[in-house]
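Chemist: Please read through the structure below; I'll follow up with questions.
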Amino acid sequence: MRDEVFNPNPVVFSAPKASGRQSDLLAHSLWVNDSPSSDDEADDLEPIDQDEIYDLIRSIYDPEHPNTLEELRVVSAPQITVGTNRIKVEFTPTVPHCGMSTLIGLCIRVRLLRSLPERFKVDIFLKPGSHQSEMAVNKQLNDKERVAAALENPVLLDTVEKCLSNVDGHELDHA
Amino acid sequence: METTEKLVQTWMASGREEEIEEIVSDIEHDRTSLTDVVKALGEYLTAEDSNVLQKGVELLSLIVAKCPTGKLNKQSVRVLTAFFCGKLDDMVTVKPALHGIATLVSLPTISPAEVTLIIEGIFQHVKMRALVQDIRFKVFSIIDTLMAYHRDVLKSYGRRFLDGYIPLAEGEKDPRNLMVAFAIARVLIIEFDISEHVESMFNILFCYFPITFRPPPNDRYGISSLDLKLALRNCLNATPAFGPLAIPVFLEKLSATSRATKRDTLQTLVTCLPVYGSALARVWARKLWNALKLEIFQPVDPETEEEALKATQALVKTIYADEEEAMESNEDMHGLARDACEECIQILKEPEKSQAKPATKVLCTFLSTTPSVAKYAISQAIPHLNQLFRNPDEASARTATLFLLTEMIKATRDSAAKATETNSALSPYKDDLLAVLTVGLKSQSTRNIALSGLNALCSATGLLSDEEYGYVVHNASELLERSREELDESSDLLIELLKTISDIAPRHVVEQTLPILFSSLPDSAPARTDGPGREKCWQILSAVAKLCTQAELFENLVIRLTTKLDLLCFPSSEQVAAIAADPEPSAAYAHMILKALYQALASKAIMKHVDIAKYLDRLVPSLFNVFVSSAFLSEERPMVASEPRLIEVAGQIINLVVQSVPLQKQQLYAASLSQALLEGDVRSIAYGFQKVATTRSLSIFNEANTPAQRNILHLLASAVIALHKEARLSLTNVDAFLDMLIGWTLTVADNDLQKLSALHIVSSIVNRQVDELLSFLNNKLELFQAAEICNQSLSLDRRRWAIKAWTWLTKALLVRKHALAMSFTEPLYERFNDEAIAWDAAKAIGEIPAADKVLTKANHADVKILYVQRYVGVVLPRLIAFSKDGENPTKQTASLVALTSLIKSIPKAAYAHEIPSLIPLLLRGLELPDSEIRSNIIDTLLVAAEGESPEKSLVAEHSTTLVNTMLKNSKVQDMPSSRVRISALRYLAILPSIVKYEVLHPYKATLLRELAVVLDDPKRSVRKEAVIARSVLFP
């Protein structure tokens, strides 16, 4: 499908330690807890936030490299904004001429399509100024019909499935 | 004679085992002789008819095989040998003849003359190619046996033996025969003069290299590919004479594409090179290195790379081992090591390139070759990398450079550790290294690598001086003062470095690091609203807990933290009012401090440090002092340390310390504990800053006393449960004491902490002294359950606690496999009909074999192995029978509850054999309304699913039920407990991997639709599982 490698030697960042989500740190209880799950049965609401969206997309594999989007810093938590029923995801390709950008965007779109309640509308954009053909890619990624058409292509779908074979550290086994 | 003749005739017709047995037993009892047998066989042995002839020889060989050794004297052996050898030339009789010879060669009576005869016979007449495998195997076995017992005779043959043997072994293909042939070949090569046969030996051995044999499935001979490889390798490395012929073969095989071949060749090279010798290695060095380099710099997989590195190491070792003495300076280093080092250094000029890592690996392997090569490699690499690091033009490559340096340091340290010498090779460069690494510490991007480099440097034995350790500690401690955000990722590595140093030079850490850490801990608790402040406290505390395990450091930690604890619990007069108004933040802070102490102690306990015991006189009394004083003072005002959560952690600390105290000291301590328990005199266990603890007396069991004082029982219990069997409390009447404790639990105690503490004491005393308590136990068995558990006029809560008390008594008996344990479970089954407490009784059945923290080996309890299996063996079949019995619904339900609770608390292996009959019951149990039971069941189903596959699934027939029930349990509207929802979703996520796709296909659409709803669950952890469960359904 592709014979050209757009970025043969990307910078791989070590995955930061799971430092806990921002909101948790602030709402920390007075007591040091051994088992963080003990407050599980409490019935407070935990709305979907940017960390959660980030958790969903950071484990996606790059189509070109055996690394995740998190390790390549293609996606990051601050680049995600969450509204009541609207989510905006921005991502940064590793090089401005990266021909994989559309595919990466498509993977993000499919992952969120499968993992978010239907009430959300998701917009996916390249980081402004990070890509040569930014407009074209953005347009393609946010056009419902084009996304649907792309997923009809079995070869493309197969590549997308490969990139999505890991959900938040949980390796999926498609038997 | 006549009988023998008859028997022979019968056998010739029948071929039965019985006749042989009879003949042999006749020979044994001197009723007949071998000569008679031969006479009786006479006509058959000379028969014209080949069938008859073959049978005749066969009978003789079978009799010889079974004949007792004593009956085969020299004379008969000679005759038989001559006879059998004479039959070797005939294709008809060769098989039985070889069989007979095989028996004869293992006899002690065989003489060199016969051996010669046999060898000549085999060499002359046996045509290996015409024979089937098992006959060829006989030939090899005969030679193998002769090689073992008559090697000198074979040797006297000289080259004629080899001339004869080589054609025999040529072309053999069967792995069973090859194993013997390789063993023979090794002896031949080592002990015989093969100088004229090197080439032919080489040919008959190297034709098998590399072994590609793969045993057929269920191979009953059990010869693995590895067996053959090792056997062959032992031949290939048996003589240096193979060297010149072998190396080209190895080089050729190395360029093959198969990974298995590459790896085999590399491993063989490692064993062969030292044998083939340095002269040859030097000749081929260049070519070998070029081939190896390819495997290292463009490895096909990590294993091959590893093997290639080992081969390189072997090559270098072989070349330079002999010249070790001649090497005086680096100038003397010539040849491969020099070239290879230079090549690597050339690559290292660009440390950020991907080739730099393998180049470093090569240099690192050189470090464990010969000292002079190691010295040379270090002298080339380290200064080069140091210089690179300092070069401002290369600043961008600093991380990579430091990484490579760290690898080098680690390799030097490890190679020195193997050779048990000092790290002298690094010492000329240690100043430079220290300088470079400390510079690395300053910048964020290189900090992590620099820390692990320093760690490697510090752990190299005998390299750094005390002052230098001080310097490292100084630099590391400076880092601690930086902001937390900046340090975030490095703090673990930093603590690790300090920990390494604290084992070697604790003084520096105590003097330089600890003051910084402790001074950043506030004396009073962060305010209720100060979340980040609390977070910071906890981070510092967990850092010191991790760091301070070395004896000197731990002592410091104990002093600092107990002082802090005292300040918190007994604030100065101006703060008293403020803290008494809201003691919770202070209590939470004190809780953190106690937790940190516990964590440090727990990691010391895992490492079995001996200095823990001495804290019985230091830490334990001051903890008692704090809590007892607080209990007294709490009558006047709210106290920080009367919080039960603090008491719990303090109990854990006391427990750990008492556990590690030796028996004799425990006995003394037990006396003090008894005084405190029975008379309320705490003077000998609770001394410390607060005088009030020692001036008043504690009366835990007095009904009129305060709950705060009663809570102290938990601390005492934590000590009591860790006592040895021989260190007893001084009780005049144990029965009465236990009865009092149980009665107190049921009538006086106010909370779970107190009740459980009392029951723990009861349980551990029963466990250790059961033999003296039989009347107490029998009394309980008769009266207690009637009076307390079955007594419907008592409150439900009291009856429940009576069951708890019962559980703990049974536990004490069960862990030591006491016969009474099983009788103690009986009354619980009877309660299954009692609707009020059926479920409690049922859950107790499951709790009895569950592991706990009281009756453990660490606590010196009497614990026998496999007690769980014994319990399950009796209880599980009964419960299954009860649950299937539909006549009594209350009992049936209770049995289901008991079943789930039991399965939850035992290892899978204990119930694995019952899984097929358990699954329908578990599915029924999912209908029970209790959410804890449901989540237990789903967890059990998850455990049961491990090792299942779609082809062999136990749950396939239940898939409709499973899908529907799990979906129902995963929705927040139907199931309020998030734990159950998570378990249900996890089960849905594994279902596709344990059930065939065809079975699940009809549910796919439903699952996708319903799970889409769960994606909007209010709980984050539930949504996460839903995402996974839904993702696995996509193609």
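Chemist: May I ask you to compute the full-extension gain from B:Q9 to B:R31, defined as 0.36 nm times their residue separation minus their alpha-carbon distance, rounded to one decimal in nm?
Modeler: Extra length available between B:Q9 and B:R31 comes to 6.2 nm.
Chemist: Still on this structure, please answer the following. If I take every Cα pair under 8 Å that is 6 or more residues apart in chain B, average their sequence separation and divide by the length, what percent do I get for the relative contact order?
Modeler: Reported relative contact order: 4 percent.
Chemist: Would you calculate the convex hull of the Cα atoms in region B:469-604 and tell me its volume per residue in Å³?
Modeler: Per-residue hull volume (Cα only) is 101 Å³.
Chemist: Further, regarding this structure: Return the distance in nm (one decimal) between the two label points of a simple spin-label model at A:D44 and B:D414, each offset 7 Å from Cα along Cα→Cβ.
Modeler: About 4.7 nm, to one decimal.
Chemist: Can you compute the FRET efficiency between B:T695 and B:S573 using 1/(1 + (r/R0)^6), with r the Cβ-Cβ distance and R0 = 22 Å? Round to the nearest 0.05.
Modeler: Numbers: r = 20 Å, r/R0 = 0.90.
Calculated value: 0.65.
Chemist: What does DSSP give for the protein assembly as shown in terms of the percent of beta bridges that are antiparallel, rounded to the nearest 5?
Modeler: Around 55 percent antiparallel, to the nearest 5.
Chemist: Also: Quote the Stokes-Einstein diffusion coefficient, in whole µm² s⁻¹, for region B:740-925, based on the Kirkwood radius over alpha carbon pairs, a temperature of 10 °C and a viscosity of 1.306 mPa s.
Modeler: 94 µm²/s
Chemist: Once Lys and Arg get +1 and Asp and Glu get -1 on their Cβ, which of A:S133, A:S76, A:Y61 lies farthest toward the positive end of the dipole of region A:47-167?
Modeler: A:S133
Chemist: With charges only on Cβ, +1 for K and R and -1 for D and E, what is the dipole size of the protein assembly as shown about its Cα centre, in debye, rounded to 20?
Modeler: Working: 128 positive and 155 negative charges, 117 e Å.
Dipole of the protein assembly as shown, to the nearest 20 debye: 560 debye.
Chemist: Per 0.36 nm of contour for each residue apart, how much would the distance between B:A580 and B:R129 grow if the chain were fully extended, relative to their Cα-Cα spacing?
Modeler: Taking B:A580 through B:R129 to full extension adds about 152.3 nm, to one decimal.
Chemist: Counting other beta carbons within 10 Å of each Cβ, put B:L451, B:L498 in order, fewest first.
Modeler: B:L451, B:L498
Chemist: Take every DSSP beta bridge with both residues inside region A:47-167 and express the antiparallel ones as a percent of the total, to the nearest 5. Provide the component values of the computation, followed by the final result.
Modeler: Numbers: 4 of 10 bridges.
So the antiparallel bridges amount to about 40 percent of the total.
Chemist: Still on this structure: How far apart, in nanometres, would the label points at B:M607 and B:A736 be if each is projected 7 angstrom from Cα along the Cα-to-Cβ direction?
Modeler: Between B:M607 and B:A736, the simple spin-label model gives 4.9 nm.
Chemist: Something else: May I ask which residue of B:A861, B:P877, B:T890 lies farthest towards the positive end of the charge dipole of region B:843-910, with charges of +1 (Lys, Arg) and -1 (Asp, Glu) on Cβ and the Cα centre as origin?
Modeler: Result: B:A861, furthest along the dipole toward the positive end.
Chemist: So what's the net charge close to B:Y471: Lys and Arg +1, Asp and Glu -1, counting the other residues with Cβ under 12 Å from its Cβ?
Modeler: Its environment carries a net charge of -4.
Chemist: Here is a further query. Once the Cβ-Cβ distance between B:N234 and B:A912 is put in as r, and R0 is 45 Å, what FRET efficiency do you end up with, to the nearest 0.05?
Modeler: 0.60
Chemist: Which value, in debye to the nearest 20, describes the size of the charge dipole of region B:253-324 about its Cα centre when Lys and Arg Cβ atoms bear +1, Asp and Glu Cβ atoms bear -1, and nothing else is charged?
Modeler: About 300 debye.
Chemist: 5 Å is the cut-off here: which amide hydrogens, built 1.01 Å from N in the peptide plane, fall below it relative to A:V167, excluding neighbours closer than 5 in sequence?
Modeler: Those lying under 5 Å, H to H, from A:V167 are A:L172.
Chemist: Ok, one more. To the nearest 10 degrees, how steep is helix B:17-28 against the longest Cα principal axis of chain B, on a 0 to 90 scale?
Modeler: Once rounded, the angle reads 80 degrees.
Chemist: With each pseudo-label sitting 7 Å past Cα toward Cβ, what's the A:R86-B:D301 distance in nm, one decimal?
Modeler: 5.2 nm
Chemist: For chain B, report the % of Cα-Cα distances exceeding 41 Å.
Modeler: When every Cα pair of chain B is considered, 67 percent fall beyond 41 Å.
Chemist: Also, quick follow-up: Residues with amide H under 5 Å of A:F91's amide H, sequence separation 5 or more or different chain, H placed in the peptide plane at 1.01 Å from N; which?
Modeler: The answer is A:F125, A:L126, A:K127.
Chemist: Give the order of B:R981, B:R186, B:R528 when sorted by the count of other beta carbons within 10 angstrom, beginning with the fewest.
Modeler: B:R528, B:R186, B:R981
Chemist: Also: Residue by residue, what Karplus-based ³J(HN,Hα) values in Hz, rounded to whole numbers, does region B:54-66 have, using 6.51, -1.76 and 1.60 with θ = phi - 60° and x for Gly and Pro?
Modeler: 4, 5, x, 5, 5, 4, 4, 5, 5, 5, 4, 4, 8
Chemist: Another question, if that's okay. Report relative contact order for region B:194-269 in percent, whole number only (criteria: Cα-Cα under 8 Å, sequence separation at least 6).
Modeler: So the answer I get is 31 percent.
Chemist: Also: Using the beta-carbon distance between B:K857 and B:E496 and R0 = 30 Å, what value does 1/(1 + (r/R0)^6) give for FRET efficiency, to the nearest 0.05?
Modeler: 0.50
Chemist: Can you give the helix-only mean residue ellipticity at 222 nm for chain B, where every DSSP H stretch with n ≥ 4 adds -39500 (n - 2.57) and the sum goes over all residues, rounded to the nearest 500 deg cm²/dmol?
Modeler: That calculation yields -21500 deg cm²/dmol at 222 nm.
Chemist: In addition: For all pairs of alpha-carbon atoms in region B:950-1035, what percent lies in each bin of width 5 Å, listed from the first bin to the last filled one?
Modeler: Going from the shortest bin to the longest, the percentages are 3, 16, 30, 25, 16, 8, 2, 0.
Chemist: Now for a separate question. Per residue of region B:1010-1021, in order, report the coupling 6.51 cos²θ - 1.76 cosθ + 1.60 (Karplus, θ = phi - 60°) as ³J(HN,Hα) in whole Hz, putting x for Gly and Pro.
Modeler: Whole-Hz 3J(HN,Hα) from phi for region B:1010-1021: 5, 5, 4, 5, 5, 4, 9, 4, x, 9, 5, 5.
Chemist: Which entries in the list B:K604/B:K811; B:K608/B:K725; A:K88/B:K1024; B:K843/B:K1024; B:K262/B:K361; B:K804/B:K971 go over 27 Å, if you measure between the two C-alpha atoms of each?
Modeler: Long pairs (Cα-Cα over 27 Å): B:K604/B:K811; B:K843/B:K1024; B:K804/B:K971.
Chemist: Could I ask something else about it? Excluding B:R528 itself, what net charge comes from residues whose Cβ is under 10 Å from its Cβ, given Lys and Arg +1 and Asp and Glu -1?
Modeler: Taking every Cβ under 10 Å from that of B:R528, the sum is -2.
Chemist: Put +1 on the Cβ of each Lys and Arg and -1 on the Cβ of each Asp and Glu in region B:590-690; which of B:S603, B:V640, B:Q664 then has its Cα farthest toward the positive end of the dipole?
Modeler: Farthest towards the positive pole: B:S603.
Chemist: While we're on this one: Cα convex hull of the protein assembly as shown: mean projected area in nm², to one decimal?
Modeler: Working: hull surface 257.5 nm².
Projected over every direction and averaged, the Cα hull of the protein assembly as shown covers 64.4 nm².
Chemist: Calculate, in whole percent, how much of the Cα-Cα pair population of region B:253-324 lies beyond 18 Å. Kindly include the intermediate steps, with their values, before the conclusion.
Modeler: Details: 814 of 2556 pairs.
In whole percent, the share of Cα-Cα pairs in region B:253-324 beyond 18 Å is 32.
Chemist: Still on this structure: Could you quote the convex hull projected area for region B:531-730, Cα atoms only and averaged over all directions, in nm²?
Modeler: Directional mean of the projected Cα hull area for region B:531-730 stands at 11.1 nm².
Chemist: Then there's this: How large is ³J(HN,Hα), in whole Hz, for each residue of region B:875-889 in order, when computed from phi with the Karplus curve 6.51 cos²θ - 1.76 cosθ + 1.60 and θ = phi - 60°, using x for Gly and Pro?
Modeler: 7, 4, x, 5, 5, 4, 4, 4, 5, 8, 7, x, 6, 10, x
Chemist: Could you count how many Lys pairs in region B:19-104 have their Cα atoms under 18 Å apart, skipping same-chain pairs fewer than 8 positions apart?
Modeler: Value for region B:19-104: 9.
Chemist: Could I ask something else about it? Of all the Cα-Cα pairs you can form in region B:771-871, what percent are over 25 Å apart?
Modeler: For region B:771-871, the share of Cα pairs beyond 25 Å comes to 19 percent.
Only the coordinates and a few stated rules stand behind these numbers; no lab work does. Keep in mind that this is a model prediction, so the values were computed, not measured. Heads up, the Cβs are rebuilt from the backbone with ideal geometry, glycines too, and the neighbour counts pull from every protein chain shown.
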